[in-house]
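Student: Here you go, one structure.
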Amino acid sequence: MTLQCNFLSPYGNHHCPVVYPSPKTFFEIYGPVITASVVIFLFIVERFYAAWLRKRDRRKDWYLKVLVEPNLKLINKFFEDCIESLQKSMDDLKSSDSQTHQEFKKTRAKSVFDFQDIKRKFEFEFLYLVKPFDYKLSEALNNVILKMEDFFTSTIGSEDYSSFENANLARTLQQHKSEFYQFLYTPLSRSNKLLDWFERQFATKG
């Protein structure tokens, strides 16, 4: 900004420009500070997120290497034992026509007890290991087992037990097995849209 000033001198009337500095904009004053602050903030976020990713990957790796892979044979054997137990129980019931009503009830009760024994053993050997890692996951896995138990007891207790085919019973238990595995591998495939976006922004900068 320039103003004119007049003053008298021995040599005559003179005009001199007076120059005032132009007022700076907000960004001109604070821009460098804001830019530096944003850079520092993003750097801190990136460091924290990279550390979180490493922690998450270590947790997933531990879950896979310690809980899942060493127990795959145990899990498969559990479902095979359940299928075998159910089929054997149905065969026993179908061949028990000559039994008295009381003996027939004992045969049913023994079948249910045998299944519960298999279930309890599996709970101690595997499900209780999952609970400290992820309580909700252990509950989901246990619910699948409880649905199997309900199916087992309702099948054994059905008045139409003689009409059940072993192949169909095995197919139903295989469906429960598939559901169990879906929950089992959930911790390895969980995704979050916000975290995915952060991962795309920062994962390659570690």
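Student: Past the 25 Å Cα-Cα mark, which pairs from LYS73/LYS121; LYS94/LYS121; LYS88/LYS136?
Tutor: Values: LYS73/LYS121 14 Å; LYS94/LYS121 27 Å; LYS88/LYS136 33 Å.
Exceeds cut-off: LYS94/LYS121; LYS88/LYS136.
Student: Neighbouring Cβ atoms within 10 Å as the yardstick, rank SER189, SER85, SER178 fewest first. Present the calculation step by step, with values, prior to reporting the outcome.
Tutor: Values: SER189 8, SER85 19, SER178 11.
Going from sparsest to densest Cβ surroundings: SER189, SER178, SER85.
Student: Apply the a/c threshold of 1.5 to the C-alpha gyration tensor of the stretch 92-134 and tell me whether it is rounded, prolate or oblate. Walk me through the numbers on the way to the answer.
Tutor: Values: a/c = 6.38, a/b = 4.64, b/c = 1.38.
In terms of gyration-tensor shape, prolate.
Student: Kirkwood hydrodynamic radius (Cα pairs, Å) of the stretch 55-193?
Tutor: Averaging 1/r across every pair of different Cα atoms and inverting gives 16.5 Å.
Student: Take the residue pairs LYS65/LYS131; LYS65/LYS119; LYS106/LYS177; LYS77/LYS106 and return only those whose Cα atoms are more than 18 Å apart. Walk me through the numbers on the way to the answer.
Tutor: On the way: LYS65/LYS131 16 Å; LYS65/LYS119 24 Å; LYS106/LYS177 28 Å; LYS77/LYS106 26 Å.
Exceeds cut-off: LYS65/LYS119; LYS106/LYS177; LYS77/LYS106.
Student: Give the calculated FRET efficiency between SER189 and VAL66 to the nearest 0.05, with a Förster radius of 22 Å applied to their Cβ-Cβ distance. Write out the running numbers ahead of the final one.
Tutor: On the way: r = 18 Å, r/R0 = 0.81.
It comes to 0.80.
Student: Cα-based Rg (one decimal) and Dmax (whole number) for the stretch 117-174, in Å?
Tutor: Cα-based Rg and Dmax for the stretch 117-174 come out at 14.0, 43 Å.
Every number here is computed from the coordinates shown, using simple stated rules; none is lab data. Quantities reported herein were computed from a predicted structural model and do not represent experimental measurements. Cβ atoms come from the backbone with ideal geometry, glycine included; neighbour counts cover every protein chain shown.
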